[in-house]
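Novice: Attaching a single structure in C-alpha cells format; questions to follow.
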Amino acid sequence: MQIVHSIAQLRAALAGQANTAFVPTMGNLHEGHLSLIKLARARGGPVVASIFVNRLQFAPHEDFDTYPRTLERDCQLLAPAGCDIVFAPSEKDLYPEPQGYKVHPPAELADILEGHFRPGFFTGVCTVVLKLFNAVQPKVAVFGKKDYQQLMVIRRMVDQLALPITIVGGETGRAPDGLALSSRNGYLDAAQRAEAVQLSAALRRIEAATSAGERDWTKLEVEAMNTLIARGWAPDYVAIRRRRDLGAPCEGEPLVVLAAAKLGTTRLIDNLELG
C-alpha cells in the first residue's frame, strides 16, 4: 500500500488507471469505514482512501482542532482491508491558497436538518469532495449511509455537474447493541457509551410504530424528542422525511427518519429507512 501526500504524487501513482474506486474519510477509522473499503474493493481496480480533516466543514465552535488525527493507526487498518493508496494531504497540499471557489448546494436540500444546525457545512463538504474527485478522478466513490443527507447532497452534485462517477452508498455500520459506528463515539465516557444506544432505539420505536400503521409523523417526532430530553440528551432534530428529497413525509412515499442529538458535549447522528 502506498501513502502519498500531494496531488502530483497521487496522479503519478494512478497514471493509466481507469477504474479507480475512492473512499473519502477524515481518518480516525473504524469498522464502518473499513466496510466501505471492502465495497470499493469489490468494484475492481485500485482503491484509494483519502484521510483529510477538512477545515471548511467545521464551524468555529466545533471540534476541528481536537478531531483525532490517527494516520499511522489508520494505515495499519487500511492495508489489510484492501486499500491500495492512501492520499493523506496536509492543508497546504490540498489548499495551497485560500479556497475562494466553493460549491454551494441548493438551499432546499443543504439548509435543512444538518445544514440548519451546521450552517455552511454542506458547502464545505461539497467543495472538498469535488476537489478530491478532481484529484483522484475515480470511476466509483463510496460513502456511508450514516451521513444520509450528505450522501444525498453528493449524489445531486455529481448528477448536476455531470461528473463521470458512480456513487455507492454503504450501509451504516453498527455496534452489537445498535449504536451507529462513528469516530465521535470515542468522545463518550463509559456511562455515555451505555446511554448512546438510546438514539438508535428511538429510531427503531418510530419504525415499529409506522409499521403498525401510525401516520401522525409529528406525534412520533415529538415523542422521540421528549424521550431523549427526559434521558438527558439535547436533540437538534428527529425528523421523518421522504427518502427521495428529504421533503415532508406523505403516505405512499418511501420514508426515512433522521436524528441528531448531543449527549454531554458529543453530537451523534443516526437514521433509519422506514418500511
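Novice: So Arg174 ticks every box in (1) in contact with a strand residue (DSSP E or B) (Cβ under 7 Å, 6 or more places away or on another chain); (2) of a type outside the set (Val, Ile, Thr); (3) on the phi > 0 side of the Ramachandran plot but one. Which box is left unticked?
Specialist: Exception for Arg174: condition (3).
Novice: Which of the residues spanning the stretch 151-164 are surrounded by fewer than 19 Cβ atoms within 10 Å (Cβ to Cβ) and in contact (Cβ under 8 Å) with a residue 40 or more places away in the chain?
Specialist: Arg156, the sole residue that qualifies.
Novice: Can I ask one more? Thr123: open to solvent by 40 Å² or more (accessible area, probe 1.4 Å) and β-branched (Val, Ile, Thr), yes or no?
Specialist: Here the answer is no, as Thr123 does not meet what is asked.
Novice: Run down Phe52, Phe87, Phe64 and say which single residue is free of Cβ contacts under 8 Å to residues at least 24 places away in the same chain and open to solvent by less than 30 Å² (accessible area, probe 1.4 Å).
Specialist: Checking each option against the conditions leaves just Phe64.
Novice: Look through the stretch 40-59, keep the residues that are assigned to a loop (DSSP other than H, G, I, E, B) and aliphatic (A, V, I, L, M), and return whichever of them is farthest from Val140 (Cα to Cα).
Specialist: Among residues in the stretch 40-59 that are assigned to a loop (DSSP other than H, G, I, E, B) and aliphatic (A, V, I, L, M), the one farthest from Val140 (Cα to Cα) is Ala59.
Novice: In addition: Write out, first by first residue and then by second, each pair whose Cβ atoms fall under 6 Å of each other, whose residues are 6+ apart or on separate chains, and whose first residue, in the stretch 123-150, is within 23 Å of Arg41 (Cβ to Cβ) and basic (Lys, Arg) while the second is part of a loop (DSSP other than H, G, I, E, B) and open to solvent by 10 Å² or more (accessible area, probe 1.4 Å).
Specialist: From residues that are within 23 Å of Arg41 (Cβ to Cβ) and basic (Lys, Arg), the pairs are Lys139/Asn19; Lys145/Glu171; Lys145/Thr172; Lys146/Thr172.
Novice: What are the pairs with Cβ atoms under 6 angstrom where one residue, in the stretch 90-109, is within 28 Å of Ala8 (Cβ to Cβ) and the other, located anywhere, is open to solvent by less than 70 Å² (accessible area, probe 1.4 Å)? Sequence gap at least six, or different chains.
Specialist: Here the result reads Asp93/Ser6; Lys102/Thr123; Lys102/Thr127; Val103/Cys126; Val103/Thr127; Val103/Leu130, each pair linking the stretch 90-109 to a residue that is open to solvent by less than 70 Å² (accessible area, probe 1.4 Å).
Novice: Here's a follow-up. Which of the numbered conditions does Cys75 fail, given that it passes all the others? Conditions: (1) surrounded by 14 or more Cβ atoms within 10 Å (Cβ to Cβ); (2) more than 21 Å from Pro138 (Cα to Cα); (3) touching a residue at least 60 places away in the same chain (Cβ under 8 Å).
Specialist: The number of the failed condition is (2).
Novice: Now, a different point. Mind checking which residues of the stretch 2-21 are surrounded by 15 or more Cβ atoms within 10 Å (Cβ to Cβ) and in a helix (DSSP H, G or I)?
Specialist: The answer is Ile7, Gln9, Leu10, Ala13.
The values are calculated or read from the model by the stated rules, or taken from the named source; none is laboratory data. If you're wondering where the values come from, they're calculated on a predicted model, not measured in any experiment. Using ideal geometry, Cβ is built from the backbone for each residue, glycine included, and neighbour counts are taken over all protein chains shown. The area values use the complete protein model at the heavy-atom level, side chains included, leaving out ligands, DNA and RNA. Shrake-Rupley method; radii C 1.70, N 1.55, O 1.52, S 1.80 Å.
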